[in-house]
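First the structure, which I've put down as structure tokens, then a few questions once you've had a look.
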Amino acid sequence: MSVMDYTTHGEVVEMQTGAIPVRLVRVPPERLQVLCGAVDAQGGVLQALWASDQRMTGGGFLLRIALQDDVGLVIVELALPAESPSYPSIAGLFPAAGRMERAAYDLLGVRAEASDQRPWIRHQAWSEDRFPLRHDFDLGPFGGPPADESYPFVRVTGDGVHELAVGPVHAGTIEPGHFRFSVVGEKVLRLEERLGYTHKGIEKRFAMLPAFGAERLAARVSGDSAVAFSWAYCMALEMICGISPPLRALWLRALYLERERIANHLGDLGALGQDAGFGIALAQFSRLKENLIRANQSAFGARYLMDAVIPGGVATDLDESRRWMLLAMIPGLESELSLLSEIYDDHAGLQDRFSGTGCVNPRLARQLGLVGLAGRASGQGRDARRDPGYAPYDTLDVHPAGSLEGDVRARVSVRFQELFESLRLSRILLERLPSTPHRGPLPDKVPDGFGLGLVEGWRGPVLVSLETAGGTIHRCHPHDPSWQNWPVIEHAMIGNIVPDFPLINKSFNLSYSGQDL
Amino acid sequence: MLRTLKQIIRTGLISESPASGGEDPGGTSKLQARLHRRFGRALAIRHVDAGSCNGCELEIHAVNNPYYNLEGSGIRFVASPRHADVLLVTGPVSRHMETALKLVYDAMPDPKWVVAVGNCACTGGVFGVGYASCGSVASVLPVDRVVSGCPPPPEAILRAVLSVVRTGRK
């Protein structure tokens, strides 16, 4: 048995071919934890956990778990009975699975055998005995829900301990969520998050859409990661259709993705300076970001690339004059960034706020399954553009960013490193853009099937799982890395002071909409 | 420190007049005079994300960048609804945010204006109406202005806010 072969744990049914290597392993419930343990022992991480309703085709429910090891994705499938479906929890091995399991219960009624049975996505818009993603869920009409006032937060007691309730509406222009701090003075003993406020039924909506066209909804799972999600969606759909977009399309997708990364990193670096009292940083970085976004408008006809990636390719081609215009902007941005990076490094006040704040050491990061840019700032080096790698990145030699410190400063440093790397990649992508068509032919009808897409968005790995039947979507689960990283912020806050929360939170800048769906 | 100052000087003033959209000839000083006449002070905006994908938020951030510099014209974002004249709402209103949104609206002093920003806030957008989404902001609150777009560009958001200023008191 080779190290990455899990045949002793379950039936390895197929090696799917597509843009990324995928192994599908079917296991009986009693082997689930052993298999997950074997993947964990190989350094594997949890990417996603979701379920689907298979009762109309004579089955029960299907639980799927996406793990990633050094070879690629391992999809674990567990068939559950139609009546009282339940399975052994894997939250003991992968703590991030806890919330995913609770969400799978809220939406489909499949229950993990775990101690925490509190709702996660469900507040009170629907009752606890109804499951929106079951195909026989009654679609309405709906009354106005009462506020969710009864969620059982974990209470911390003791002399001088008091609670601070923040949200769902926050002071700034950010997404809604609730944070419950247990504090003594201004020191945080415990933070507990309560999300789900922006749950708007995206997965149910997917199941009402034709497969060609639903990339528009995918792009709006988390609007700041529109390219990552629409690309991952198209990758999954293209796997089902057995097609591969022409080279130029793949290169343009990568260019869009790097520009999305640059825009978000610029925005966050400015906001981090601002949150530490260095307002000039916000002005400088938001100026650079606006320059980039305006160049998007000139080159691609849109400030944000919401509808740029389509099945089979990209929506519009890049002409020669615009290609040169984008290339010509890169050196200027590089030199401005070098200067701002030096200013950040040399600013004692900033470094004082950044250093040692919101620390997640590599051991904790590994244990909790931290991924993406925050993971790389805590010694977790995986970057889907390299591991497992997919076209066109497999030919570009992506240099991964990294730090072992795990504090706000490390996450700032990783953002700077990734900005320079994205600019380097953008230059290559623009200079050597292949001259094939920018989109390829699509089949008349989408075959029935199951496909996966994995794209390294600016926050981390974005996964889309897609099942089609009769030309439409049977089930689509878009998965944002914020699922894995939100619980880690609770740990990063322990022992820090309340006024540092905005800084720590911003250094991760996780998605609410992407995890609430 | 010297490097920071040099960078500030090198960047210079890059703010564009809020009039660049062509809607408000006269520029910033005229706008400030009008604000002072109508409101007697700066116009205060409170933003609430009622279920957005976070796309519109990026463009709301942009109206405060040095190019659009909304704050430079005496219009600012405030942290509490109790200080606000205008409520900027993004997203379809999720059923889980419906109560919070109404509480924010109720906490604002009269007179108050509601501006629905983005296609989702206008119509429900790609998310529509469903078990978890109420759809448009107008299905939950009285709306005074709508700004379509996905996301709407900063100029469009600015125009809607400025048109509130022009209308003045209710």
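The values are calculated or read from the model by the stated rules, or taken from the named source; none is laboratory data. Quick caveat, the model's predicted, so the values are computed rather than measured. In this analysis, Cβ positions are derived from the backbone assuming ideal geometry, glycine residues included, and neighbour counts consider all displayed protein chains.
Just give me the residues in segment A:162-178 being hydrophobic (A, V, I, L, M, F, W, C) and within 14 Å of chain B (Cβ to nearest Cβ), in sequence order. Spell out how you get there, then give the answer.
Step one: of segment A:162-178, the residues hydrophobic (A, V, I, L, M, F, W, C) are A:164-166, A:169, A:171, A:174.
Matches in segment A:162-178: A:ALA165, A:VAL166, A:VAL169, A:ALA171, A:ILE174.
Can you list residue pairs whose Cβ atoms sit under 6 Å apart, with the first residue in segment A:118-136 being β-branched (Val, Ile, Thr) and the second being at pLDDT 95 or above? Count only pairs 6 or more apart in sequence or on different chains.
From segment A:118-136, the pairs are A:ILE121/A:ALA103; A:ILE121/A:ASP106; A:ILE121/A:GLY196; A:ILE121/A:HIS199.
A quick yes/no check of all residues on (1) of a type in the set (D, E, K, R); (2) modelled with pLDDT under 95; (3) under 19 Å from A:LEU429 (Cβ atoms):
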position: A:GLY279; (1), (2), (3): no, yes, no
position: A:ARG303; (1), (2), (3): yes, no, no
position: A:GLY313; (1), (2), (3): no, no, yes
position: A:SER341; (1), (2), (3): no, no, no
position: A:TYR344; (1), (2), (3): no, no, no
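A:LYS187 versus (1) surrounded by fewer than 18 Cβ atoms within 10 Å (Cβ to Cβ); (2) charged (D, E, K, R); (3) closer than 21 Å to B:ALA121 by Cβ: which is the lone unmet condition?
(3)
Does any residue of segment B:53-69 turn out to be more than 10 Å from chain A (Cβ to nearest Cβ), in contact with a Phe, Trp or Tyr (Cβ under 9 Å, 6 or more places away or on another chain) and not in a helix (DSSP H, G or I)?
Start the filter on segment B:53-69 by keeping residues that are more than 10 Å from chain A (Cβ to nearest Cβ), which leaves none.
No, segment B:53-69 contains no residue that is more than 10 Å from chain A (Cβ to nearest Cβ), in contact with a Phe, Trp or Tyr (Cβ under 9 Å, 6 or more places away or on another chain) and not in a helix (DSSP H, G or I).
Table: residues versus (1) under 19 Å from A:ALA401 (Cβ atoms); (2) crowded, with 23+ Cβ neighbours inside 10 Å; (3) touching a Cys at 6+ places or on another chain (Cβ under 9 Å); (4) in contact (Cβ under 8 Å) with a residue 12 or more places away in the chain.
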site: A:GLY451; (1), (2), (3), (4): no, yes, yes, yes
site: A:GLU467; (1), (2), (3), (4): no, no, yes, yes
site: A:HIS474; (1), (2), (3), (4): no, no, no, yes
site: A:GLU490; (1), (2), (3), (4): no, no, no, yes
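Just to check your reading of the model, which residue among B:ARG82, B:ARG76 is over 22 Å from A:ASP148 (Cβ atoms), part of a helix (DSSP H, G or I) and of a type in the set (Lys, Arg)?
It is B:ARG82.
Being more than 9 Å from every other protein chain (Cβ to nearest Cβ), in a loop (DSSP other than H, G, I, E, B), farther than 28 Å from A:LEU430 by Cα and out of contact with any Phe, Trp or Tyr (no Cβ under 7 Å at 6 or more places or on another chain), is that true of even one residue in segment A:184-191? Even if it seems obvious, please write down each step before you answer.
The initial filter retains those residues of segment A:184-191 that are more than 9 Å from every other protein chain (Cβ to nearest Cβ), namely A:184-191.
Of the ones still in play, those that are also in a loop (DSSP other than H, G, I, E, B) are A:185-186.
Filter again for farther than 28 Å from A:LEU430 by Cα, leaving A:185-186.
Cutting the leftovers down to out of contact with any Phe, Trp or Tyr (no Cβ under 7 Å at 6 or more places or on another chain) gives us A:185-186.
Checked against the condition, which is being more than 9 Å from every other protein chain (Cβ to nearest Cβ), in a loop (DSSP other than H, G, I, E, B), farther than 28 Å from A:LEU430 by Cα and out of contact with any Phe, Trp or Tyr (no Cβ under 7 Å at 6 or more places or on another chain), segment A:184-191 yields at least one hit.
Could you name every one of the helices (runs of 4 or more DSSP H) located completely within segment A:310-376 that has at least 1 residues being of a type in the set (A, V, I, L, M, F, W, C) and more than 18 Å from A:LEU272 (Cβ to Cβ)?
On the way: elements: A:320-346, A:348-354, A:362-368, A:372-376.
The helices (runs of 4 or more DSSP H) meeting that bar are A:320-346, A:362-368.
Here's the yes/no breakdown for (1) out of contact with any Gly (no Cβ under 7 Å at 6 or more places or on another chain); (2) away from every other protein chain (no Cβ under 14 Å); (3) under 21 Å from A:PHE420 (Cα atoms); (4) surrounded by 14 or more Cβ atoms within 10 Å (Cβ to Cβ):
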{"site": "A:ARG303", "(1), (2), (3), (4)": "yes, no, no, yes"}
{"site": "A:ALA308", "(1), (2), (3), (4)": "yes, no, no, yes"}
{"site": "A:VAL314", "(1), (2), (3), (4)": "yes, yes, no, yes"}
{"site": "A:LEU318", "(1), (2), (3), (4)": "yes, yes, no, yes"}
{"site": "A:SER321", "(1), (2), (3), (4)": "yes, yes, no, no"}
{"site": "A:LEU326", "(1), (2), (3), (4)": "yes, yes, yes, yes"}
{"site": "A:PRO331", "(1), (2), (3), (4)": "yes, yes, yes, no"}
{"site": "A:GLU334", "(1), (2), (3), (4)": "yes, yes, yes, yes"}
{"site": "A:SER338", "(1), (2), (3), (4)": "yes, no, yes, no"}
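Now, a different point. Taking segment A:192-208 as the region of interest, how many residues are more than 7 Å from chain B (Cβ to nearest Cβ) and either charged (D, E, K, R) or over 20 Å from A:ALA228 (Cα atoms) (or both)?
7
Sort out which residues of segment A:219-242 are aromatic (Phe, Trp, Tyr) and closer than 15 Å to A:GLN515 by Cβ, and write them in order of number. I'd like the intermediate steps shown before the answer.
Narrowing segment A:219-242 to residues aromatic (Phe, Trp, Tyr): A:229, A:231, A:233.
Across segment A:219-242, the qualifying residue is only A:PHE229.
Next up: Taking A:SER298 and the conditions (1) closer than 30 Å to A:ALA410 by Cβ; (2) not in a loop (DSSP other than H, G, I, E, B), which numbered condition does it fall short on, given that it satisfies the others?
(1)
Quick one: which residue in A:ARG118, A:ARG130 is assigned to a loop (DSSP other than H, G, I, E, B), within 25 Å of the chain's Cα centre (by Cα) and surrounded by fewer than 20 Cβ atoms within 10 Å (Cβ to Cβ)?
Numbers: A:ARG130 fails: within 25 Å of the chain's Cα centre (by Cα).
After ruling out the rest, the residue left standing is A:ARG118.
Further question on the same structure: Does at least one position in segment A:249-257 carry a residue that is surrounded by fewer than 18 Cβ atoms within 10 Å (Cβ to Cβ), charged (D, E, K, R) and in a helix (DSSP H, G or I)?
Looking through segment A:249-257, none of the residues is surrounded by fewer than 18 Cβ atoms within 10 Å (Cβ to Cβ), charged (D, E, K, R) and in a helix (DSSP H, G or I).
Can you name the condition, by its number, that B:VAL93 falls short on among (1) among the hydrophobic types (A, V, I, L, M, F, W, C); (2) more than 11 Å from chain A (Cβ to nearest Cβ); (3) under 13 Å from B:SER52 (Cα atoms)?
(2)
What's the total number of residues in segment A:402-412 that are of a type outside the set (Asp, Glu) and buried (at least 21 other Cβ atoms within 10 Å of the Cβ)?
From segment A:402-412, those of a type outside the set (Asp, Glu) are A:402-404, A:406, A:408-412; that's our starting set.
Applying the additional criterion that residues be buried (at least 21 other Cβ atoms within 10 Å of the Cβ) yields A:406, A:408-412.
Qualifying residue count, segment A:402-412: 6.
Does A:GLY213 satisfy the criteria of being over 20 Å from A:PHE508 (Cα atoms), away from chain B (no Cβ under 14 Å) and surrounded by fewer than 24 Cβ atoms within 10 Å (Cβ to Cβ)? Walk me through how you get there before you give the answer.
Details: over 20 Å from A:PHE508 (Cα atoms): yes; away from chain B (no Cβ under 14 Å): no; surrounded by fewer than 24 Cβ atoms within 10 Å (Cβ to Cβ): yes.
Answer is no for this residue.
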